[in-house]
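Participant: Please read through the structure below; I'll follow up with questions.
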Amino acid sequence: MSESVATAPSFPALGRSHLMVGLLAIGTANALVRPAIEAIDEWGVVGAVAGGLGSGWPVYLGLLGAVVLGLRAKAERPIDRWDLAALTVYAIGLLVPSSGFSAIMVMALGAWEILRRPGDVNYRAGIIIFIAAGARELWVATAMKMLSPVLLHIDAVLTRTTLGLLGHPSVVTGNLIETDQGMVLAVLMSCSSFANISLALLTWLVLTRWLRPHFRRRDLAAALLVAVAVIIVNLTRLTIMGLGPDDYELAHGPIGQTTTELAILLATLGVTHWGLSNGSAARGSGARSGTAAGGKPHGQDRPV
């Protein structure tokens, strides 16, 4: 007669994956709260919603995509004592009232999950999107602000170069471009290529991982193409602004802004389709990606 051997209860493996996805979603949402509140205070509810609640709708698309992919996970190993230590640090980190710090915690827990080498491809794809969303928020909340003098100067120099090729010599001082038309354009972070690249890349990543969770070498080329496409579109708009007052009003106004956002979106979707087309069945999807409206020009000092 055989005897049954009692075993200690353990956390269900599938429940572990769901728990991690839920905690990462909470951390990401925590990082999005402050930008949303600031956007509502500045633009009102309708304006903030139209602008993506201060972070951009691709970020919320990323959050949704990461959760859905993560919940597709098959059973993984149960939580161990190392996971408990990591989750304790994560929970403490989320108590810090900082969007940037919450983003760091999301990236850290996501990296921890990747290092544990999960076998489910959908789960890995979801975790990677969480990491990317956290990186984007950290970039906007901290890194981009710290590097803004350098980044805006790069945009200004590129614009001066293209204006010179078109026969309009200009002078750059920091983020200011003095054109041969007597205008002084101020390149602001809301119109910077580097703000748009992060949103476009996140949109590309979510759509690509959603339609094809596994990584391919073609993805590296696609990511580079997305960045280059955004720079070209944004640089085109900045260059048009420097051609003259009438061109500035057209490119800086609603028509120019909408056209720029649409061009970035179409470029991102086009590159995404190209990246998926090589032996993969791609299904259409979309997301808005663009820039926030700049301020109104004051005298001859015109923000970009």
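The values are calculated or read from the model by the stated rules, or taken from the named source; none is laboratory data. Note that this is a predicted model, so its numbers are computed, not measured. So basically every Cβ, Gly included, is an ideal-geometry build from the backbone, and we count neighbours across all protein chains shown.
Table: residues versus (1) over 15 Å from the mean Cα position of the chain (by Cα); (2) under 25 Å from Thr258 (Cα atoms); (3) of a type in the set (S, T, N, Q).
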| position | (1), (2), (3) |
| --- | --- |
| Ala143 | no, no, no |
| Leu147 | yes, no, no |
| Val150 | yes, no, no |
| Gly164 | yes, no, no |
| Met183 | yes, yes, no |
| Thr203 | no, yes, yes |
| Arg209 | no, no, no |
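Participant: So Ser148 passes all but one of these: (1) among the small types (Gly, Ala, Ser); (2) in contact with a helix residue (DSSP H, G or I) (Cβ under 9 Å, 6 or more places away or on another chain); (3) under 28 Å from Asp83 (Cα atoms). Which condition number does it fail?
Facilitator: (3)
Participant: State the number of residues belonging to the stretch 167-193 that are buried (at least 16 other Cβ atoms within 10 Å of the Cβ), free of Cβ contacts under 8 Å to residues at least 24 places away in the same chain and out of contact with any strand residue (DSSP E or B) (no Cβ under 7 Å at 6 or more places or on another chain).
Facilitator: Here the count works out to 1.
Participant: Okay, moving on. I want to confirm something. Restricting to the stretch 102-127 and keeping residues that are of a type in the set (D, E, K, R) and surrounded by fewer than 24 Cβ atoms within 10 Å (Cβ to Cβ), which single residue is nearest to Pro35 (Cα to Cα)?
Facilitator: Only one residue tops the list, namely Arg124.
Participant: Further, regarding this structure: The conditions are (1) part of a helix (DSSP H, G or I); (2) charged (D, E, K, R); (3) farther than 24 Å from Val140 by Cβ, and Arg117 fails exactly one of them. Which is it?
Facilitator: Among (1) part of a helix (DSSP H, G or I); (2) charged (D, E, K, R); (3) farther than 24 Å from Val140 by Cβ, Arg117 violates only (1).
Participant: Evaluate the following for Asn196: is it in contact with a helix residue (DSSP H, G or I) (Cβ under 7 Å, 6 or more places away or on another chain), without any contact (Cβ under 8 Å) to a residue 40 or more places away in the chain and either assigned by TED's automatic domain parsing to the domain that holds Ile129 or among the polar types (S, T, N, Q) (or both)?
Facilitator: no
Participant: For the structure I just gave you, tell me whether Leu32 is surrounded by 15 or more Cβ atoms within 10 Å (Cβ to Cβ), in a helix (DSSP H, G or I) and modelled with pLDDT under 90.
Facilitator: Yes; evaluated as a whole, the condition is true for this residue.
Participant: For the stretch 166-269, please list each of the strands (runs of 3 or more DSSP E) lying entirely inside it that holds at least 1 residues being touching a Phe, Trp or Tyr at 6+ places or on another chain (Cβ under 7 Å), more than 29 Å from Phe130 (Cβ to Cβ) and not hydroxyl-bearing (Ser, Thr, Tyr).
Facilitator: The strands (runs of 3 or more DSSP E) meeting that bar number zero.
Participant: Exactly one of (1) in contact with a Pro (Cβ under 9 Å, 6 or more places away or on another chain); (2) farther than 27 Å from Ala223 by Cα; (3) free of Cβ contacts under 8 Å to residues at least 24 places away in the same chain is unmet by Leu53. Its number?
Facilitator: (2)
Participant: Quick one: Gly44 ticks every box in (1) closer than 30 Å to Gln257 by Cα; (2) surrounded by 14 or more Cβ atoms within 10 Å (Cβ to Cβ) except a single one, so which number is it?
Facilitator: (2)
Participant: Then there is this: Do we have Val157 as modelled with pLDDT of 90 or more and farther than 19 Å from Leu87 by Cα here?
Facilitator: yes
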